[in-house]
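Shown next, in structure tokens, is the structure this report addresses.
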Amino acid sequence: MADEQPKIIVDSDWKAQAQAEKERLAAKEAAAKPPAASPGGSPGTPQATAEEAEPTLFEELLRMLATQALLYMGAFPDPSTGQAVLSPEMAKLHIDMLGELEAKTKGNLSEHESKTLTSYLYELRMQYVEVSREIARLIKEGKIRPGSGQGGVSVAGSGAIPQNPTML
């Protein structure tokens, strides 16, 4: 009895059944889709896809991370305090998270999602460099001082840091 091994039954055509089901679903989906037509009515011009018309959850994730990076670069005030938040280290963290998303999703994004991510990263990196230089200059001049916590700084006056929150 101890030498008995469990009997394994292999259904050899399960792959064929799965493939046939995929083909049936694809055919059903293709039949349900109306032919693409442009808003102008010319049949040769493809209409914008639903993916481009509505933001995806992935794009909302990108927007959320970009907004957090902008918040930590002082682009707009913290809603609870009304003060600009300057924390280059936290801004860099959010920018780095977007960079990691770009690396991990390479080849798996739609063209629109890929362009959006690349655009956000470029704009945020450029703004990060600009803000970091301005913070260093203001610290050197004594107008702001390094703060405590997560790489933050205390701002004596507002408007000292370049702002460009319109990228979103």
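Could you tell me whether the range 85-101 includes any residue that is of a type in the set (V, I, T) and at pLDDT 95 or above?
Yes; the residues of the range 85-101 include at least one that is of a type in the set (V, I, T) and at pLDDT 95 or above.
Which of the residues spanning the range 64-123 are of a type in the set (G, A, S) and more than 13 Å from the chain's Cα centre (by Cα)?
Across the range 64-123, the qualifying residues are G74, A75, S80, G82, A84, S87, A91, G107.
Of all residues in the range 71-98, count the ones that are in a loop (DSSP other than H, G, I, E, B) and surrounded by fewer than 16 Cβ atoms within 10 Å (Cβ to Cβ).
So the answer is 6.
Quick one: count up the residues across the range 53-75 that are among the hydrophobic types (A, V, I, L, M, F, W, C) and under 18 Å from S132 (Cβ atoms).
6
List the residue pairs whose Cβ atoms are under 9 Å apart, where the first residue sits in the range 111-139 and is over 14 Å from R63 (Cβ atoms), the second is exposed (fewer than 15 other Cβ atoms within 10 Å of the Cβ) and basic (K, R), and the two are 6 or more positions apart or on different chains.
S114/K106; R137/K143; I139/R145
In contact with a Gly (Cβ under 7 Å, 6 or more places away or on another chain) and over 25 Å from P55 (Cα atoms), is that true of P88?
yes
Could you tell me how many of the residues in the range 133-144 are in a helix (DSSP H, G or I) and surrounded by fewer than 16 Cβ atoms within 10 Å (Cβ to Cβ)? Spell out how you get there, then give the answer.
Filtering the range 133-144 down to residues in a helix (DSSP H, G or I) leaves 133-141.
Those still in the list that are surrounded by fewer than 16 Cβ atoms within 10 Å (Cβ to Cβ) too: 133, 136-137, 139-141.
Total meeting the criteria: 6.
Regarding the range 108-120, can at least one residue be identified that is among the polar types (S, T, N, Q), part of a helix (DSSP H, G or I) and surrounded by fewer than 14 Cβ atoms within 10 Å (Cβ to Cβ)? Before you say what the answer is, go through the steps one by one.
Just the residues of the range 108-120 that are among the polar types (S, T, N, Q), to begin with: 108, 110, 114, 116, 118-119.
From what is left, the residues that are part of a helix (DSSP H, G or I) are 114, 116, 118-119.
Next, only the ones that are surrounded by fewer than 14 Cβ atoms within 10 Å (Cβ to Cβ) stay: 118-119.
Checked the range 108-120: at least one residue is among the polar types (S, T, N, Q), part of a helix (DSSP H, G or I) and surrounded by fewer than 14 Cβ atoms within 10 Å (Cβ to Cβ).
The values are calculated or read from the model by the stated rules, or taken from the named source; none is laboratory data. All of these numbers come straight from a predicted model, not from anything done at the bench. Every residue, glycine among them, receives a Cβ derived from its backbone with ideal geometry; neighbour counts consider all protein chains shown.
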